[in-house]
Amino acid sequence: MSEADGKRDEERERRSRGWIAAITMVLATVLLLAEFAPGASRVLKYSEFRARLREGRVASVIIGERTIRGSFKTAPGVTPARRPTADFEVVRVPDPQLVPQLEERGVTFEGMAENRGLPTLLMTLTLVLGALLLGRWVLQRMQGPAGGVLAFGKSRGRVAGEKDVTVRFDDVAGVDEAKRELQEVVEFLKDAERFKRVGARIPRGVLLVGPPGTGKTLLAKAVAGEAGVPFISLSGSEFVEMFVGVGAARVRDLFEGAQAQAPCIVFIDELDALGRSRGGAMLGSNEEREQTLNQLLVEMDGFATNNGVIVLAATNRPEILDAALLRPGRFDRQVLVDRPDRSGRLAILRVHARKVSLAPDVDLESIAADTPGYAGADLANLVNEAALLAARRGASAATKADLAEAVERVAAGLERRSRVLTPDERRRVAFHELGHAVVAEVLGGPSRVTKVSIVPRGFGALGYTMKRPEEDRHLLTEGELRAQLASLLGGRVAESIFLGDLSTGAASDLSQATELARAMVVEYGMSPRIGAVSLGRGRSVGEYGLPAELSGPRELGVGLADAVDAEIASVLRQAEESARGVLGPRKHAVESIATTLLAREHLDGPELRAMLVDAMTREAESP
Ligand code: ADP
């Protein structure tokens, strides 16, 4: 809040400075124009002036050092009015004849010291001043808030840092795993000596990966708060400037500033804005970004491990980051900050409910149940929205109805961003994931299921099944590969069994399965029709993802290529059949597990196995 106020003040001040500059300019210009403007008088050539003089039309002149101003005689009968401006003006030339001529023609004349010097000087000075002010103001505008284009020496990050961060781990909920991982960083910052004594290497950089609004910034702040160290934050996009070299200078400043305040946390939001992999030719500021990125790498390598500066960075697109950033000694640790599941959402709602007054009828648990797919920021927004509704009504506390309305409002916004699944979609995702998991469990592939979840993951997946090998494996048998294939296709098969049709959700499963099946046929010699021959020759892959031999002009006849394709299709068909063979007879079991999964949003491996056994025995007992 105070930060926003500060920004607003700055903005106001900047704007008024702009006005002052503009007004000064206009004033000076007007004055100068008035001074130099010929006014009512005409500028005559000296010869013209002499001609008029000879004609006897000149009434009076004022002779200055450089100019002569004068008035003509008026028509006879008209009294010459005392006019403020002269009729004409000439630039004086050395002319010894002038005075005698004037006398001869009876022209009144007087001399005058030029008085233009001082005012002109003053006005010129004002103009220059105005121009300077205006120029400065324009530059500041170009730079955006605080510092910028020309402020090479100033990093835009508040290098001063936030000294007393009040955020604690308690303020961040639903991301327990991430907190556990970051606890280590806190301990290091608190007591670096302990780690140094053992010679332990603490990560210099930790990458927080997760969709927007899941609390990455909040977590980073909480680390600083818990450790009681300054928090210096900057956004990756702020580094990337239009001038090559500025971003790099800024990175240098940032780390210099951080060093001075160590131990401290440097937080770089939107790391992807500057850490995008190099070489992907894009228009524009590529070079600038590369330089900035290089500087960041240099700084991260440069500072000694134990100097107490820890860089936390956030991104929601880790896949586009330059690989160099993820090497050891840089952001070699990644912490997943994902959207919360139901219990996580409840915890987050509780955190934010502390800040508002809620009526006793409010049931946060049911709100947590109604908000699958919401991130922490959405939930914070929801609670705030409910409080606003209550305040607008003039009530002293937000009621259940306020919260229900807030859920709807927030959901409308989220749906536009297509983050929240419809109930039908959730059901489909649940069956799809269970299809993978149950087939894998029953057929006993090389890995066991550790978690099934229908909380959408940031990166495209709407749900996921995690598996882990039980032990380090160096070889896989044909049976295991076939089980793995069946499990890959299990999602699709489950959709067709339980929902009657297929969806687009299985596309990546299919491509993975096809790849695996192809490897079985052309590399591992696991298809009886093609037999024990390696057509893939290692992993070399030619055009269109085909094994080099198939795409290149080789002795492989068209007939063999067709046979390979047919074999791949047949391996996949068999896998699909065996998935069907697993899921078909377990229809009731899968349905009852799906109900639990939909309610709980995730199941871990042991839970899934227990439920499977349980449901199967019940089924066997019932007639
Ligand atoms: P990110 O950096 O991941 O985009 P932020 O940390 O900026 O998200 O989150 C924005 C706001 O949403 C936070 O200030 C906080 O109020 C709320 N919020 C997000 N995640 C959580 C969480 N896990 N626990 C509590 N509040 C959260």
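Condition first: touching a strand residue (DSSP E or B) at 6+ places or on another chain (Cβ under 6 Å), away from the ligand (no atom under 13 Å from the Cβ) and not aromatic (Phe, Trp, Tyr). Can you find one or more residues in the stretch 357-367 that meet it?
yes
Mind checking which pairs have a first residue in the stretch 375-401 that is near the ligand (Cβ under 10 Å from one of its atoms) and a second that is small (Gly, Ala, Ser) and outside any helix (DSSP H, G or I), Cβ under 7 Å, 6 or more apart or different chains?
So the pair list comes out as 375/213; 376/174; 376/213; 376/215; 377/213; 378/213.
Which one of 495, 480 is under 26 Å from residue 585 (Cα atoms) and over 41 Å from the mean Cα position of the chain (by Cα)?
Only one candidate qualifies: 480.
Considering only helices (runs of 4 or more DSSP H) fully contained in the stretch 166-247, which possess at least 2 residues that are small (Gly, Ala, Ser), within 12 Å of the ligand (Cβ to nearest atom) and touching a residue at least 40 places away in the same chain (Cβ under 8 Å)?
Fully inside the stretch 166-247 and qualifying: 216-227.
For the subset of the stretch 309-329 comprising residues that are surrounded by fewer than 20 Cβ atoms within 10 Å (Cβ to Cβ) and either farther than 19 Å from residue 178 by Cβ or away from the ligand (no atom under 16 Å from the Cβ) (or both), which member is modelled with the lowest pLDDT?
329
Would you confirm whether or not the stretch 113-120 contains a residue that is more than 16 Å from the ligand (Cβ to nearest atom), at pLDDT 80 or above and of a type in the set (Asp, Glu)?
The answer is no, given that none of the residues of the stretch 113-120 is more than 16 Å from the ligand (Cβ to nearest atom), at pLDDT 80 or above and of a type in the set (Asp, Glu).
Does residue 523 satisfy the condition of being at pLDDT below 85 and either charged (D, E, K, R) or in contact with a strand residue (DSSP E or B) (Cβ under 6 Å, 6 or more places away or on another chain) (or both)?
Against the criterion (at pLDDT below 85 and either charged (D, E, K, R) or in contact with a strand residue (DSSP E or B) (Cβ under 6 Å, 6 or more places away or on another chain) (or both)), residue 523 qualifies.
Here are some residues: 388, 358, 346. Which one is among the hydrophobic types (A, V, I, L, M, F, W, C), in contact with a helix residue (DSSP H, G or I) (Cβ under 6 Å, 6 or more places away or on another chain) and either assigned by TED's automatic domain parsing to the domain that holds residue 170 or within 26 Å of residue 167 (Cα to Cα) (or both)?
Residue meeting the stated conditions: 346.
Assuming residue 261 fulfils every condition listed in (1) crowded, with 23+ Cβ neighbours inside 10 Å; (2) more than 16 Å from the ligand (Cβ to nearest atom) apart from one, which condition is it?
Result: residue 261 passes all but (1).
So in the stretch 353-374, with the set limited to residues that are touching a residue at least 12 places away in the same chain (Cβ under 8 Å) and part of a helix (DSSP H, G or I), which one is farthest from residue 170 (Cα to Cα)?
370
The values are calculated or read from the model by the stated rules, or taken from the named source; none is laboratory data. Note that this is a predicted model, so its numbers are computed, not measured. For neighbour counting, all protein chains shown are included, and Cβ atoms are generated from backbone atoms with ideal geometry for every residue, glycine included.
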